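Following: one structure in structure tokens, then a few remarks.
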Amino acid sequence: MTDAAKNTSGPSLTRVPEMGSAPIGSAAERRLAELWESTPGWRGRLSTVDHKVIGIRYLVTAFIFLLMGGVEALIMRLQLARPDQTLLTPEQYNQLFTMHGITMIFLYSLPVLSGFSNYLWPLMLGSRDMAFPRLNAFSYWVFLFAGIFLYCSFPLGQAPNAGWFNYVPFSGAEYNTGPNIDVYALGMVLLGISTTVGAINFIVTLFRTRAPGMSIGRVPILVWGTLTAAVANVFAVPSVSLAFFLLWLDRQTGTHFFDTLNGGKPLLWQHLFWMFGHPWVYVVVLPAMGIVSDALPTFCRHPLVGYSAVALSTMATMLLGFGVWIHHMFATGLPPLALSFFGATSLVISIPSGVAVFAWIATIWLGRPVFNTAFLFFAGFVILFAIGGFSGVMTAAVPLDLQLNETYFIVAHLHYVLLGINVFPVVGGIYYWFPKFFGRMMNETLGKWSFWVMFVGFNLGFFPMHLLGLLGMPRRIYTYAPHMGWSTTNMITSIGSFIFAAGILIFIVNLFVSLRRGSPATANPWDAPTLEWAVPSPPPVYNFAVIPLVASRHPLWEDRIDEGGGRSSLDHGYLLMEGRETIGTTALDAIPDVILKMPEDSYAPFFLGLFNALLFVGMLLHWPDFTALMVLACCVSLAVWMWPRKALLQRVPDYDKGAAHG
Amino acid sequence: MAETIPLDRPLPVGSEGRRSGGWWGVLALIATEASLFTYLLFSYFYLASQTEQHWPPEGLPELLVPGVNTAILLTSSVCVWACERCLQRSMMGWSMAWMAFAHILGIIFVAVQLNEWSKKAYGMASNLYGSLYFTITGFHMLHVIVGVVILLVLLLWISLGYFDHRRYAAVTIGGLYWHFVDVVWLFVFTTLYLLPYVG
């Protein structure tokens, strides 16, 4: 469309959104596809803002990081398989376990969930994209660059080496003179930008872009989980970014925040780190629990038992999660009153977690389960969650924690929690939504093999670690003497870890086989209840040809369960096709409030992300001129991005500007 | 279909004031930035409560210049508010004048604050108090500089005739950020300048 055409007809500042239907192949549907399509080729790849493309990128990138972190773990398990091994030097071992932790906790576990949520949210909420499509692209690029940044010193043998929680004074300039910790510090600040803008995007998307009628009590639990995580990130991430920035200042400019000789306090680091760190644990599990709460009922042929209780307990877990950080610091000599308080909160947190567990069990109990691969992963998750939760309650007790602190018991606990509550739901979630992503079903035989091999390998690999901890084996030691009595258990653990890796390998083989030869999937192959299954598989670029009108929690199950809200309308609704548009609704009741103009594809997010990352490279390498240049480049990119556009009606249209002055 | 939802009302199109995504986005941004300053001040109180050093090293801070500077910053916020009110009434000349005035006040704040820094007998690396003082005021200074640039860009956009009483979301959003930067200064000012008199 030319500017002249706009000047005569012009986009109006208010209109009644037109209702209608747009079946596949109709003129309206073809026009929508044209409006939302990205340019083919590399231009489209760099500039796309499609949440589905970005979601898949997040999933794939995070999965590559999972494999990298996994290989690091396997190398460590080779080193520990027998006593007195010399495969790795102590310094290599330090770098490997640090990078393993950084990779799994920061570069895999949240980004993979962001991938699901990015892809699924607009489809679940009945929208055509996230609230800020360009910000979404930006958060992906920064995540990718931060991941590369954190790994840049690894090939030089200078990777971060002070453990993922990076305690001072060991990570201070006095004991750690190389670039190792600077890479970690700056990389985390960079990654924090990505996490924060991603979180803001989720929050605004939830409150603004739900389909009409999808009141706050009708959103899927995955949305609750990701929302809770996003809100937590907004409040928690600044803490860790600040901690790492202060550490970088201490190391590079000689400030004294953590410097004991001049009044600084190493415990300040621990406080700032864990005030972020513990909410983060819930950030990486609550959305995954949401995956289960949404997908498990589909295979149980029964709505989730206790929707409101699960939604509320999700938020209660996070709220309590902000008040438990000191349970990571029980052994630091804090006053007993503080220990009692934080120990008590840590015990109390098992109550909302228990609510969710019983809701899943009740759903399975009352339903008629279909025992396919995805169900197995979700059911397996419930068992692992129970074990990981139980060892969590044990370590919440102060006297026991003093005994178990810094032993393999903690390693066992955190792996049950992070693999059990993150990796198993994620793999199950891939089996569940793969047909939606790619229009093909995954292979069930390979799927069941992958589950059983992973499940057996996982328990064989990690359960004995509890025993090693009780036998007194400290974590983070690179080898041990043969007479300690840990040799057999370590060997079993190493064997288990390789079996688990074989299970992951079967899963990957299944992915590739199914991508090429999987049987074609219908729009709703699982007969699932939520909106993402109302659109074809894979979904068209515009998601919904008409914005649906939602009347219940389970729009696709209204035939068989009556929730008293009437019937949803999926084929007849708002057309909204004067440019890229979607509907904005009110925050709680989802009443239509505004017609949102969505941005076109843009290179600005990519370049802002790139200059932003280069800015951190400049800081790392002490290139002040280059850094200043990159600050300038970021400003220019931002100005281009933010410049008010006529097409988005961010400024007054030209055709009636005279009238405004009159 | 749920009959209670009105579907045939006329709706505003595009970035309309507080219905725009940007308004919500900047609210969330403010939440996270406010947390950042909370953690900064937490670090200050945590370290100050345990220190055995002379605190602040130069004795009680002088209040006159920083107090006047605080007033300058708050006046700048009022100017941005006035600019928005004038836009709502399509008084373009006045709105430009208020925005220009707000911008200049912001620059004066920066200049005065830089002068305050240069008068200190210590630097970031001299002692713990210096590390805290310069990091906290430095973080705030960074926010003020970003805000001053935003005000300048908004002034440019207003003078290019982009906005009138119907569409001016950018000014509302940029203005909200500026108000935040000013309010946060009150907390920084109270912590660094007033509380030493109490403690």
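When A:Ala604 is tested against (1) hydrophobic (A, V, I, L, M, F, W, C); (2) more than 13 Å from every other protein chain (Cβ to nearest Cβ); (3) free of Cβ contacts under 8 Å to residues at least 40 places away in the same chain, just one condition goes unmet, and that condition is (3).
Could you please let me know if A:Ser194 is surrounded by 20 or more Cβ atoms within 10 Å (Cβ to Cβ) and either in contact with a strand residue (DSSP E or B) (Cβ under 6 Å, 6 or more places away or on another chain) or part of a loop (DSSP other than H, G, I, E, B) (or both)? Here the answer is no, as A:Ser194 does not meet what is asked. Say whether the condition of being in contact with an Asp or Glu (Cβ under 8 Å, 6 or more places away or on another chain), in contact (Cβ under 8 Å) with a residue 12 or more places away in the chain and charged (D, E, K, R) is met by at least one residue in region A:122-135. Scanning region A:122-135 turns up at least one residue that is in contact with an Asp or Glu (Cβ under 8 Å, 6 or more places away or on another chain), in contact (Cβ under 8 Å) with a residue 12 or more places away in the chain and charged (D, E, K, R). Scanning region B:77-120 for residues that are in a loop (DSSP other than H, G, I, E, B) and basic (Lys, Arg) turns up B:Arg89, B:Lys120.
Check region A:171-185 and report whether any residue there is of a type outside the set (D, E, K, R), away from every other protein chain (no Cβ under 13 Å) and under 22 Å from the mean Cα position of the chain (by Cα). So far as region A:171-185 goes, yes, one or more of its residues are of a type outside the set (D, E, K, R), away from every other protein chain (no Cβ under 13 Å) and under 22 Å from the mean Cα position of the chain (by Cα). Per the conditions (1) more than 8 Å from chain A (Cβ to nearest Cβ); (2) in contact with a Pro (Cβ under 8 Å, 6 or more places away or on another chain); (3) modelled with pLDDT of 95 or more, the sole criterion not satisfied by B:Leu176 is (2).
Taking each residue of region B:1-29 that is within 8 Å of chain A (Cβ to nearest Cβ) and within 17 Å of A:Ile547 (Cβ to Cβ) and looking for partners that are modelled with pLDDT of 85 or more and in a helix (DSSP H, G or I) with beta-carbon atoms closer than 6 Å, six or more apart or interchain, yields B:Gly21/A:Val204.
When A:Thr196, A:Thr205, A:Thr226 are checked against the criterion of being closer than 30 Å to A:Gly306 by Cβ, in contact (Cβ under 8 Å) with a residue 40 or more places away in the chain, of a type outside the set (Asp, Glu) and touching a Ser or Thr at 6+ places or on another chain (Cβ under 7 Å), a single residue qualifies: A:Thr226. Which of the residues belonging to region A:194-218 are at the interface with chain B (Cβ under 7 Å from one of its Cβ atoms) and either within 24 Å of A:Pro555 (Cβ to Cβ) or more than 21 Å from the chain's Cα centre (by Cα) (or both)? Matches in region A:194-218: A:Ile203, A:Val204, A:Phe207, A:Arg208, A:Pro212, A:Gly213. Per the conditions (1) touching a His at 6+ places or on another chain (Cβ under 7 Å); (2) of a type in the set (A, V, I, L, M); (3) under 25 Å from A:Asn136 (Cα atoms), the sole criterion not satisfied by A:Ile561 is (3). Within region A:273-289, not a single residue is more than 8 Å from chain B (Cβ to nearest Cβ), in a helix (DSSP H, G or I) and farther than 23 Å from A:Gly389 by Cα.
So which residues in region A:553-575 are assigned to a loop (DSSP other than H, G, I, E, B), under 31 Å from the mean Cα position of the chain (by Cα) and either facing another protein chain (nearest Cβ under 8 Å) or hydrophobic (A, V, I, L, M, F, W, C) (or both), if there are any at all? Across region A:553-575, the qualifying residue is only A:Ser568.
Filter region A:3-48 down to residues that are farther than 30 Å from A:Ala137 by Cα, modelled with pLDDT under 90 and either among the β-branched types (Val, Ile, Thr) or assigned to a loop (DSSP other than H, G, I, E, B) (or both), then give me how many there are. Number satisfying all stated conditions: 2.
Among residues of region A:577-598 being more than 10 Å from chain B (Cβ to nearest Cβ) and surrounded by 22 or more Cβ atoms within 10 Å (Cβ to Cβ), the one that is nearest to A:Pro40 (Cα to Cα) is A:Arg580. Can you confirm whether A:Asn524 is away from chain B (no Cβ under 13 Å), crowded, with 16+ Cβ neighbours inside 10 Å, under 22 Å from A:Val204 (Cβ atoms) and at pLDDT 95 or above? Considered against the rule, which asks whether it is away from chain B (no Cβ under 13 Å), crowded, with 16+ Cβ neighbours inside 10 Å, under 22 Å from A:Val204 (Cβ atoms) and at pLDDT 95 or above, A:Asn524 comes out as no. Just to verify a result, which residue in region A:470-517, among those that are among the aromatic types (Phe, Trp, Tyr) and under 13 Å from A:Leu446 (Cβ atoms), is nearest to the chain's Cα centre (by Cα)? Here the residue is A:Phe507.
Restricting attention to region B:42-70 and to residues that are farther than 19 Å from B:His140 by Cα and hydrophobic (A, V, I, L, M, F, W, C), the residue that is nearest to the other protein chains (Cβ to nearest Cβ) turns out to be B:Leu47. Can you name the residue in region A:62-112 that is acidic (Asp, Glu) and more than 17 Å from A:Gly461 (Cα to Cα) and is also surrounded by the most Cβ atoms within 10 Å (Cβ to Cβ) among such residues? Once the filter is applied, the top-ranked residue is A:Glu91.
Checking every residue in region B:109-117 against the condition of being touching a residue at least 40 places away in the same chain (Cβ under 8 Å) and in contact with an Asp or Glu (Cβ under 7 Å, 6 or more places away or on another chain) gives zero matches.
You will find that of B:Phe109, B:Phe139, the residue that is crowded, with 21+ Cβ neighbours inside 10 Å and either at the interface with another protein chain (Cβ under 10 Å from one of its Cβ atoms) or not basic (Lys, Arg) (or both) is B:Phe109 and no other.
Out of everything in region A:247-266 that is among the hydrophobic types (A, V, I, L, M, F, W, C) and either surrounded by fewer than 17 Cβ atoms within 10 Å (Cβ to Cβ) or touching an Asp or Glu at 6+ places or on another chain (Cβ under 8 Å) (or both), what residue ends up being nearest to the other protein chains (Cβ to nearest Cβ)? Step by step, filter region A:247-266, then rank; the result is A:Phe257. Of all residues in region A:205-245, those that are closer than 21 Å to A:Phe322 by Cβ and of a type in the set (Ser, Thr, Tyr) total 4. Contact list please: Cβ distance under 9 Å, first residue in region A:230-252 and free of Cβ contacts under 8 Å to residues at least 12 places away in the same chain, second residue part of a helix (DSSP H, G or I) and surrounded by 24 or more Cβ atoms within 10 Å (Cβ to Cβ), pairs at least six apart or on different chains. Partner pairs satisfying both residue conditions: A:Leu249/B:Ser131. Would you say A:Met441 is touching a Ser or Thr at 6+ places or on another chain (Cβ under 6 Å) and surrounded by 16 or more Cβ atoms within 10 Å (Cβ to Cβ)? The answer is yes for A:Met441.
Looking across A:Thr226, A:Thr209, A:Thr205, one residue alone is of a type in the set (Ser, Thr, Tyr) and over 16 Å from A:Pro133 (Cβ atoms). It is A:Thr226.
Rundown of residues vs (1) within 17 Å of B:Ile150 (Cα to Cα); (2) modelled with pLDDT under 95; (3) over 19 Å from the mean Cα position of the chain (by Cα), yes/no style:
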site: B:Val68; (1), (2), (3): no, no, no
site: B:Leu74; (1), (2), (3): yes, no, no
site: B:Met91; (1), (2), (3): no, yes, yes
site: B:Ala97; (1), (2), (3): yes, no, yes
site: B:Phe101; (1), (2), (3): yes, no, no
site: B:Val112; (1), (2), (3): no, no, no
site: B:Asn115; (1), (2), (3): no, no, yes
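Which residues, counting only those in region A:380-401, are touching a helix residue (DSSP H, G or I) at 6+ places or on another chain (Cβ under 6 Å) and not small (Gly, Ala, Ser)? Residues satisfying the conditions are A:Phe381, A:Val382, A:Leu384, A:Phe385, A:Ile387, A:Val393, A:Met394, A:Thr395, A:Val398, A:Leu400, A:Asp401.
The values are calculated or read from the model by the stated rules, or taken from the named source; none is laboratory data. On a predicted model such as this, the values are computed, not experimentally measured, just so you know. Neighbour counts run over all protein chains shown; Cβ positions are idealised from the backbone, glycine included.
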